[in-house]
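Asks: Quick one: the structure is below, questions incoming.
The values are calculated or read from the model by the stated rules, or taken from the named source; none is laboratory data. Everything numeric here is computed off the predicted structure, so don't read it as measured data. As a convention, Cβ positions derive from the backbone with ideal geometry for all residues, glycine included, and neighbour counts pool all protein chains shown.
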Amino acid sequence: MFAYAAKSLSQGLLVLLVVSALAFSMFRFVGDPIANMMGQEATQQDRRELAEHLGLNDSVPTQYARFIGAALRGDFGVSYRQARKVSDLIAEKLPATIELAVLSALFATVCGVALGVYAAIRRDGWLAHLVMSASLVGVSLPTFLIGIGLIYLFAVELRWLPSFGRGDTVKIGWWSTGLLTTTGLKSLIMPVLTLGFFQLTLIMRLTRAQMLETMRTEYVRFARARGIPEQTIRFRHALKNTMVPVITIAGLQLGSVIAFAIVTETVFQWPGLGSLFVNAVQFVDIPVMAAYLMFVAFVFVVVNLAVDLAYFILDPRIRTGAAAAKR
Amino acid sequence: MKLRSLALKLALLAATSVAATAALEARTLKWSRSGDSLTLDPHAQNEGPTAAVAHQMYEPLATRSVDGKLVPALATAWRILPDNPLIWEFKLRQGVKFHDGAPFTADDVVFSLERAMSPTSDFKGLWTSVESVAKVDDHTVHVKTKGPNPLLVQNVTNTFIMNKAWAEKNNTVKPQDFKNKEENFAVRNVNGTGPYMLVSREPDVKTGLKRNDSYWGRGETPMEVTEIIYTPVKQDATRVAALLSGEVDFVQDVPVQDIQKLQGDSKLRVNIGPENRSIFLGMDVGSADLKTDNVTGKNPLADKRVRQALNMAVNREAIQRVVMRGQSVPAGAIIPPFVAGYTNELDSYPKVDVNAAKKLLSDAGYPQGFSITLHCPNDRYVNDEGICQAVVGMFGQIGVKANLVSQSKSIHFPLIQKDPPETEFFLLGWGVPTYDSDYIFTFLYHTRAGARGGFNALRYSNKDVDAKIVSLASETDLNKRNATVADLWKILKDETLYIAIHNQTLAYAMKNDVNVPVHPDNTVWIKYLSFKRS
């Protein structure tokens, strides 16, 4: 178990290193931060001096080594755009993104599974057909359009929900939460729907397919033959076996929901990491971009590690495989 | 009986008027724009939204009114000493207090100007002509320049005055050094003299201000807004939706395609006005050969006839109508009407004439035209990419094939700023914060050297023109100076170095009980707002 975890962990660290190295080699294609950091009266010499001062004239490997060296000491530098410590910025924006991502994943999983099961059981019903067609729309409509559509319906026309921002937040230690105020909860609804919609359709289609498959298996037919009530077969026997792959996918999707909340956050002016990153890219705020990309890589590594370990515990075949390799 | 009813009436009247003023008293203005102030440090970023937010809390020595005129702020009077042309004297306003109660004195001005001139300040470029700043008495400051500088006062409008004692106490005597590991105190804290005080600051989310009731100009300005909530909303559609749904009261950066829709809404008001910024194309006229063209051994843009042909091919009215949906003022020179030196004649542009343009090209030896790369930003000016796409089509009509490369401003501007420049044909916009032609000449026409010619990517270098430009900075005889300005514009317009396209206009949208005038610098002074009484 320990050897397995250590192996996964070292792989994860390697991923982090590779991601950060790739990120650093890309930054110069994003542009030059100096143009954004200095007013139009600045002289050529001022620009050169600032670039030199910030070490932007050094080679990419040198800059990268300096970044890794400082990052290992927990120092991610100061944002070029906001003149604030990057670690402060990330800590400030993290709660907004986590709350949005977790609620979206929850919404997508619960509704996705429920609708998927329904569509599998009543596969010829008109409602199931409607749900399936609607899910096609969900897969094909861009997030941006869904967000804008919701805003015009619920904020402009009906005036039920706020069109942007997080509403009032409450501080619990360093964590700011929008879950404890009315405006905070109202503000969450549209972003959660927008971000979760794609995942929902994915999970729903997966659940439906798995459920249909399971219902055709031998043991379900035997259970029917034994006269077990249909409800019990569906929800105690079939659903359990359906859930294994669904939970795996949902878990892995959580990572991408956190990482790719960028569009949703931009549409709703959600003050999270995605908005922070978009602003950083436009300004070529290298310290923030570097730290954000490291963070996203870290989230993926952690999620994958957790999934790996869960398999290790759940699936005896991996355990024996690892033991066999040792021998 | 009669007396009692009169007393009753009076009491009622008093009560209603109290209620009316109370209703007027507490008014919150929710203000939104695409970008947030980057920092509250008044000298760290010389940039639009940063200055606009700072102007509510900090004040400079003088500001610009909506018609572009210089008006007193913390200084009440200024002059060049009659016996010494190197010294500007500023008389400071008396009885002004900072938000923390400290009195405003000459020490604060000396400290703030020196801070603005320090190496990590983004305003030092405006103050390069200054040798030293000295206090004469508590309300008089002398600014000594290296040579005579009759225009120094034009540079003060965005240089804010901080409190010396406060800055020293909080260890923020210098603006943020980005190599430092720690955040500068002034980035999120404010102690100014302005009409509003900082209450809360969440960068990129929300900034809350409240009225400063001991503001020196309390009696002179309406100051009906008691609380300002500034929320940046980046996405155009979301920002407009927030106004339509009533969540914000006042929106800047209204996208041109939404103006008509908003104008049609009876609950809203849209104010449109010219910005002090021109949009134009620049051409490499100095290189012996161009890299991005298909002509070998020579530079077609070095020939004035080619430049005139291109200028003649641009249909400015079509760009205004189609690309800008009416929201621009076509221009013939890169000088907005607010700027000293502007004349109608200067602003005239040739009629679109494809045949005449083709003839000029063939006279210059390019009967078949040529091809060249046009660089364009896509996230800096109003519909910048659309303008470029339009001119590419117009150049195509006279046989010049422009290959469009549009990129983010972070990639586009370095092409122009690099030495030597990495573009031969480019779109640029230029705002004129000093409202004087000198600023345009110095940065866009003077040979690139030292503090001058920073945006002259034309490789244009004319000794005679340079000498005239330099002479403007120290010419104290106004008539002589105006004559030189006119002379320079005549030479430069004739050379057709830039192809002026238009001056940008700004659109502000708001609820119709409030009226925010459009300022040519795109800055807003909330203290001037009053609400419509209904």
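Asks: Considering only residues that are in contact (Cβ under 8 Å) with a residue 12 or more places away in the chain and surrounded by 19 or more Cβ atoms within 10 Å (Cβ to Cβ), look in region B:453-465 and name the one that is farthest from the other protein chains (Cβ to nearest Cβ).
Replies: B:465
Asks: Okay, next question. Any idea which of B:439, B:435 is away from chain A (no Cβ under 14 Å) and either within 22 Å of residue B:304 (Cα to Cα) or under 23 Å from the mean Cα position of the chain (by Cα) (or both)?
Replies: So the residue among B:439, B:435 that is away from chain A (no Cβ under 14 Å) and either within 22 Å of residue B:304 (Cα to Cα) or under 23 Å from the mean Cα position of the chain (by Cα) (or both) is B:435.
Asks: May I pose another question? Of all residues in region B:197-235 being surrounded by fewer than 17 Cβ atoms within 10 Å (Cβ to Cβ) and charged (D, E, K, R), which is nearest to the other protein chains (Cβ to nearest Cβ)?
Replies: So the residue we want is B:202.
Asks: Kindly indicate whether residue B:500 is surrounded by 21 or more Cβ atoms within 10 Å (Cβ to Cβ), at pLDDT 95 or above and closer than 30 Å to residue B:220 by Cβ.
Replies: Criteria not met by residue B:500.
Asks: Could you identify the single residue in A:117, A:137 that is in contact (Cβ under 8 Å) with a residue 12 or more places away in the chain and farther than 30 Å from residue A:88 by Cα?
Replies: The conditions single out A:117.
Asks: Further question on the same structure: Among B:423, B:476, B:434, B:447, which is part of a loop (DSSP other than H, G, I, E, B) and in contact with an Asp or Glu (Cβ under 6 Å, 6 or more places away or on another chain)?
Replies: B:447
Asks: Something else: Before we move on, is residue A:20 within 13 Å of chain B (Cβ to nearest Cβ), surrounded by fewer than 20 Cβ atoms within 10 Å (Cβ to Cβ) and in a helix (DSSP H, G or I)?
Replies: no
Asks: Scan region A:30-54 for residues that are in a helix (DSSP H, G or I), modelled with pLDDT of 85 or more and either in contact with a helix residue (DSSP H, G or I) (Cβ under 6 Å, 6 or more places away or on another chain) or closer than 21 Å to residue B:377 by Cα (or both) and report the count.
Replies: 9
Asks: Moving on. Out of (1) of a type outside the set (Gly, Ala, Ser); (2) under 30 Å from residue B:277 (Cα atoms); (3) at pLDDT 85 or above, the odd one out for residue A:78 is which?
Replies: Evaluating residue A:78 over (1) of a type outside the set (Gly, Ala, Ser); (2) under 30 Å from residue B:277 (Cα atoms); (3) at pLDDT 85 or above leaves (2) as the failure.
Asks: Identify all residues within region A:244-268 that are within 14 Å of chain B (Cβ to nearest Cβ) and β-branched (Val, Ile, Thr); write none if there are none.
Replies: A:262, A:263, A:264, A:266, A:267
Asks: Something else about it: One residue is enough: does region B:311-324 have a residue meeting the conditions surrounded by fewer than 17 Cβ atoms within 10 Å (Cβ to Cβ) and without any contact (Cβ under 8 Å) to a residue 12 or more places away in the chain?
Replies: yes
Asks: Give me the pairs, please: first residue somewhere in region A:165-183 and farther than 21 Å from residue B:36 by Cα, second residue anywhere and basic (Lys, Arg), beta-carbon distance under 7 Å, and either six or more positions apart or on two chains.
Replies: Correct list of pairs: A:178/A:166.
Asks: List the pairs whose first member sits in region B:171-182 and is without any contact (Cβ under 8 Å) to a residue 24 or more places away in the chain and more than 15 Å from residue A:49 (Cα to Cα), whose second member is among the β-branched types (Val, Ile, Thr) and surrounded by fewer than 19 Cβ atoms within 10 Å (Cβ to Cβ), and whose Cβ atoms are under 8 Å apart, counting only residues at least 6 apart or on separate chains?
Replies: none
Asks: On to the next question. Whether any residue in region B:260-270 is among the β-branched types (Val, Ile, Thr), in contact with a Lys or Arg (Cβ under 9 Å, 6 or more places away or on another chain) and buried (at least 16 other Cβ atoms within 10 Å of the Cβ) is what I want to check.
Replies: no
Asks: Which ones in region B:206-215 are touching a residue at least 40 places away in the same chain (Cβ under 8 Å), touching a strand residue (DSSP E or B) at 6+ places or on another chain (Cβ under 7 Å) and within 19 Å of residue B:31 (Cβ to Cβ)?
Replies: Selection gives B:207, B:209, B:212.
Asks: Another question about this same structure. Just to check your reading of the model, which residue among B:358, B:409 is more than 30 Å from residue B:149 (Cβ to Cβ), of a type in the set (Lys, Arg), surrounded by 18 or more Cβ atoms within 10 Å (Cβ to Cβ) and modelled with pLDDT of 95 or more?
Replies: B:358
Asks: Something else: Does any residue in region A:84-112 that is under 19 Å from residue A:256 (Cα atoms) come within less than 8 Å, Cβ to Cβ, of a residue that is in a strand (DSSP E or B) six or more places away or on a different chain, and which pairs are these?
Replies: A:95/A:175; A:95/A:176; A:95/A:177; A:96/A:176; A:99/A:177
Asks: Here is a further query. Residues that are charged (D, E, K, R) and more than 14 Å from chain A (Cβ to nearest Cβ): find the strands (runs of 3 or more DSSP E) completely inside region B:43-140 holding 1 or more of those.
Replies: B:62-64, B:75-80, B:87-92, B:130-137
Asks: Same structure again: Among all residue pairs at least 6 apart or on different chains, which show Cβ distances below 8 Å where the first residue, located in region A:280-306, is closer than 18 Å to residue A:74 by Cβ and the second is buried (at least 21 other Cβ atoms within 10 Å of the Cβ) and among the basic types (Lys, Arg)?
Replies: Close Cβ pairs satisfying both conditions: A:288/A:81.
Asks: Right, something else. In region B:81-91, how many are within 26 Å of the chain's Cα centre (by Cα) and within 13 Å of residue B:147 (Cα to Cα)?
Replies: Within region B:81-91, residues that are within 26 Å of the chain's Cα centre (by Cα) and within 13 Å of residue B:147 (Cα to Cα) number 1.
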